[in-house]
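Input: a single structure, listed below in structure tokens.
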Amino acid sequence: MQFIISRYNPQIDKDPYNQTFELDNTLLSADNMLLDALHLLREQDPSLAYRSSCQEGVCGSDGMNVNGRNRLSCITPLSDLPQKVIIKPMPGLPIIKDLIIDMDLFYQQYKDVEPFLQSEPLDLQHEHLQSPEERAKLDGSYECILCGCCSTSCPSFWWNPDQFAGPAALLAASRFVIDSRDIQTIDRLKDLDSPTQTFRCRHIQNCTDSCPKGLNPSRAIQELKSTMVKEI
Amino acid sequence: MNLSGNFPIEFYDALVIGAGGAGMRCALKLTEEGHKIAMVSKVFPTRSHTVAAQGGINAALGNVTPDKWQWHMYDTIKGSDYLGDQDAIEFMCQEAAEIVRELEHFGVPFSRLENGKIYQRAFGGQSQNYGEEQAYRTCAAADRTGHAILHSLYQQNIRLGTTIYDEYYALDLLKTPKGEIGGILVMNIHDGAYKILQSPHTLLATGGAGQVFRNNTNASINTGDGLGMVLRAGLPLQDMEFWQFHPTGVAGKGMLISEAVRGEGGKLRNALGDAFMEKYAPKVKDLASRDVVSRAIAIEVKEGRGCGPDKDYVLLDISHIPEEVITERLPGIRDISQTFLGIDPVKEPIHVFPTCHYMMGGIPTNIQGQVVSPDDSGEQKVVPGLYAIGECACVSVHGANRLGGNSLLDIVVFGRKAALTISETLKLQGSNQNGIDLNLHTIRQRLQRWQKRNEVSADTSVQIDSVIQIKKSLQQIMDTGCGVFRDQQTMQQAFHDLQEIQVRLDNVCLTDFNDVFNLERLAGLELENLVAIAFATVASALARTESRGAHSRVDYTERDDQAWLKHTLYFQEEHRLEYKAVNLQPKHHATFEPKPRVY
């Protein structure tokens, strides 16, 4: 297989450039993931930089742009890819080195939506009660792994990463808006109710299309918007 | 990179090294108490390996079946094959209910029962009334409990504004002129710059080291960095012969398939279709302790009843469980099975085989989270300034074998406890470190060593060694020499092979000398820790001439309490071993006397 990988070392290069690597198909097996191929390429060139950790799609480290689509390399089967694979860093955020981007803005947007439960104070002898139906509403939002595949594929985020919260942060915001234990629902909605925050989303669905966990941030944002209209 | 000049110094009340569940629970408490702390992590906090924990966290809430912390304590001690310290286990089980409710208050989206309480499932080795009916004790957020807990703890740290150095790598502990631990040297992975973090309290929460084995469920970051630091500081590691092989890793790959699958009714079957656990654990069958199930699978395969063309795995069958239960309770497992095996477990069984999962041993500590080490007379003394919690520590609550659901509990219980210990000391003594110079001699030498460059050889046929190749060899040696079953000969061979690995490690050179995200240098530094841990493992295992918990020897098949009801302490210098007594004196409950372990 052929891998065309975007390289950039700020100590040497003025701009990113593409480097072509070849991997002999005999080195690869039918069930390899893209990450396995990258590990083999790193044996050829130990300076090749990408993040990875859990290797099973739960830590969210290894988001990258593969043939035009943001994916996690550890759960992207090579068999899904053509013989020529073009790998770039996820777009829209500064490149640190090769496929590693600076995600500070992305994390800041997440922090800014106050992604933590704010509930009635309760002593440690008791649990908050929550019905299975109430709990089921959190399915599809709490599973986010903060890989950034969604936000870095969103043109609204590309334009205004400092203003538009982006799909990942809005998904987190919606997770707390719908959590029956949280009591700050109205304040949360008011904070999100601005043209540059939630309403900069135009629902082009890039986020949902790119989510490696199969989540649907676009729908969560839609529901946030309708809750805002109804509640405030 | 300038190694000769002075490194910049920052002062803190306390340092937390590692941002998994243990580190984040600890940092949260310290920040809440108003201390100036820094949490250091080589990855962004939610990338830490706690995120991959699946099945749940044990607490005797009694939401599903009647329960008491005393029953949980008994099960944990029995599970540990009586090597766990009974005072520590008692403390952990007593704290469990409150700490799980606290997690719920932090926002953890636990699955729920019809009455609105936290859902609890059956897990291996858990019983009611000291060994009778199966207990339902494992509190779960579907099969993503670790993810749910880690993210909630990170969110709480956001709430309090904890100072986090993420993508900083902790290199080594730094000592004061008096020999106390006075801080740590860290490297910013983004630009390779070094910095001294100085503090009277340094806490290690660096997690496990499953990367010493080739087949493992662990993240690539699990390289035992804290353990390597402790060994280099001349301190011991405890019980390093005890590694848990999880019975159900994805065959040939290693990803974890949670015990929750068997808790929800999954059955292990061999090539003949037999539910073989009935033979090995007639009473609790598939929900026996992990060491027991792993050995059973290994025996089935060894005796030719494995599945597939190479007869090298067994089947985990959940096809009899209704699809809606799988969707609600085991969605992550279904996902992993489909992604890595192309198998939908609703229709077809999952291919599984035991894979290295968890390190029961680690840095010896007391219940307060303080690191302890024997003095010249053999008495266990607190190491001033140093703490350890979570998988990198050995309190010891897991002894020779950990129960499923007890690791998430361990990290939060001792994370909170260690924070309280540090906080109380800070309130009494303050944290003035001005004027104390830390010794940098050894660390400068270590860093200098990685500056070494290969002589350029004209002969291109000479294969130049690399960090990656050495790591692969190391993992192969440990898989072969120190796996589910062990004996004198294979371990002796492994020890011999490790000495060759050490020579290769001493001589290997890097090819990349840039400073920005130099992952080759990082891997080299990590490899030093892995090799040190492999030596600790094999040396400790060779000496222990008995079978206990996860340490299973074909040449010494019985547990020998007379000779071996004691903890191993391994020191790096000359691979020296010492031993210390197991604590059999809990505070609020009578001693559980060791007896034969039957499931």
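The values are calculated or read from the model by the stated rules, or taken from the named source; none is laboratory data. What you see is a predicted model, and the numbers here were worked out from it, not measured in a lab. In this analysis, Cβ positions are derived from the backbone assuming ideal geometry, glycine residues included, and neighbour counts consider all displayed protein chains.
Some points to look at:
- Taking first residues from region B:265-279 that are closer than 15 Å to B:P247 by Cα and partners that are assigned to a helix (DSSP H, G or I) and among the basic types (K, R), the Cβ contacts under 9 Å between residues at least 6 apart in sequence or on separate chains come to B:K267/B:K285; B:L268/B:R262; B:L268/B:K285; B:A275/B:K285; B:M277/B:R262; B:M277/B:K285.
- Subset of region B:500-521 [closer than 19 Å to B:M229 by Cβ and either surrounded by 19 or more Cβ atoms within 10 Å (Cβ to Cβ) or in contact with a His (Cβ under 7 Å, 6 or more places away or on another chain) (or both)]: B:L505, B:R521
- Exactly one residue out of B:K68, B:K29, B:K117 is of a type outside the set (V, I, T) and either more than 14 Å from every other protein chain (Cβ to nearest Cβ) or buried (at least 24 other Cβ atoms within 10 Å of the Cβ) (or both): that is B:K68.
- Unique residue being touching a Ser or Thr at 6+ places or on another chain (Cβ under 7 Å) and either farther than 20 Å from B:T138 by Cα or surrounded by 24 or more Cβ atoms within 10 Å (Cβ to Cβ) (or both) when the list is B:L409, B:L447, B:L438, B:L428: B:L438
- Matching residues, region A:6-20, being of a type in the set (D, E, K, R) and within 12 Å of A:A49 (Cβ to Cβ): A:R7
- Among the residues making up region B:146-163, a single one is over 26 Å from B:N58 (Cβ atoms) and crowded, with 21+ Cβ neighbours inside 10 Å: B:T162.
- Only one of the numbered conditions (1) touching a strand residue (DSSP E or B) at 6+ places or on another chain (Cβ under 8 Å); (2) more than 18 Å from A:E223 (Cα to Cα) is not met by A:M103, and that is (1).
- Filter pass, B:L15 being surrounded by fewer than 24 Cβ atoms within 10 Å (Cβ to Cβ) and under 27 Å from B:D515 (Cβ atoms): no
- Candidate set from region A:1-35 (those that are closer than 24 Å to B:G252 by Cα, more than 10 Å from chain B (Cβ to nearest Cβ) and in contact (Cβ under 8 Å) with a residue 12 or more places away in the chain); member that is surrounded by the most Cβ atoms within 10 Å (Cβ to Cβ): A:L34
- Condition met for B:Q94 (more than 8 Å from chain A (Cβ to nearest Cβ), in contact with a strand residue (DSSP E or B) (Cβ under 9 Å, 6 or more places away or on another chain) and surrounded by fewer than 21 Cβ atoms within 10 Å (Cβ to Cβ)): no
- Listed by position, the helices (runs of 4 or more DSSP H) inside region A:116-198 whose residues that are within 13 Å of chain B (Cβ to nearest Cβ) and crowded, with 21+ Cβ neighbours inside 10 Å number at least 2 are A:166-177.
- Yes/no for B:D410 being farther than 20 Å from B:A53 by Cβ and among the charged types (D, E, K, R): no
- Wholly within region A:1-109, strands (runs of 3 or more DSSP E) carrying at least 2 residues that are in contact with a helix residue (DSSP H, G or I) (Cβ under 7 Å, 6 or more places away or on another chain): A:63-66, A:69-72
- Filtering region B:497-524 to residues that are away from chain A (no Cβ under 14 Å) and within 26 Å of the chain's Cα centre (by Cα) leaves B:D497, B:L498, B:Q499, B:I501, B:Q502, B:L505.
- Pair list, Cβ under 6 Å, 6 or more apart: region A:65-92 residue closer than 16 Å to B:Q338 by Cβ, other residue buried (at least 23 other Cβ atoms within 10 Å of the Cβ) and of a type in the set (D, E, K, R): A:L72/A:D62; A:C74/A:D62
- The single condition from (1) more than 14 Å from chain A (Cβ to nearest Cβ); (2) free of Cβ contacts under 8 Å to residues at least 40 places away in the same chain that B:D555 fails is (2).
- Filtered by the rule that a residue be hydrophobic (A, V, I, L, M, F, W, C) and in contact with a Cys (Cβ under 9 Å, 6 or more places away or on another chain), region A:183-223 gives A:C201, A:I204, A:C207, A:C211, A:L215, A:I221.
- Just one of the listed residues (B:G234, B:G265, B:G224) is over 25 Å from B:S127 (Cβ atoms), surrounded by fewer than 24 Cβ atoms within 10 Å (Cβ to Cβ) and not β-branched (V, I, T), namely B:G234.
- Counting the residues of region B:97-108 that are more than 8 Å from chain A (Cβ to nearest Cβ) and either farther than 14 Å from A:Q125 by Cβ or touching a residue at least 40 places away in the same chain (Cβ under 8 Å) (or both) gives 4.
- Qualifying residue in region B:109-127 (condition: part of a strand (DSSP E or B), among the charged types (D, E, K, R) and without any contact (Cβ under 8 Å) to a residue 40 or more places away in the chain): yes
- Applying a threshold of 6 Å to beta carbon distances and a minimum spacing of six or more residues, or different chains, the list of pairs starting in region B:418-446 at a residue that is modelled with pLDDT of 95 or more and ending at one that is assigned to a helix (DSSP H, G or I) and among the aliphatic types (A, V, I, L, M) reads B:A419/B:L30.
- Scanning region A:34-55 for residues that are more than 19 Å from the chain's Cα centre (by Cα) and within 21 Å of B:T217 (Cα to Cα) yields A:D36, A:A37, A:L38, A:H39, A:L40.
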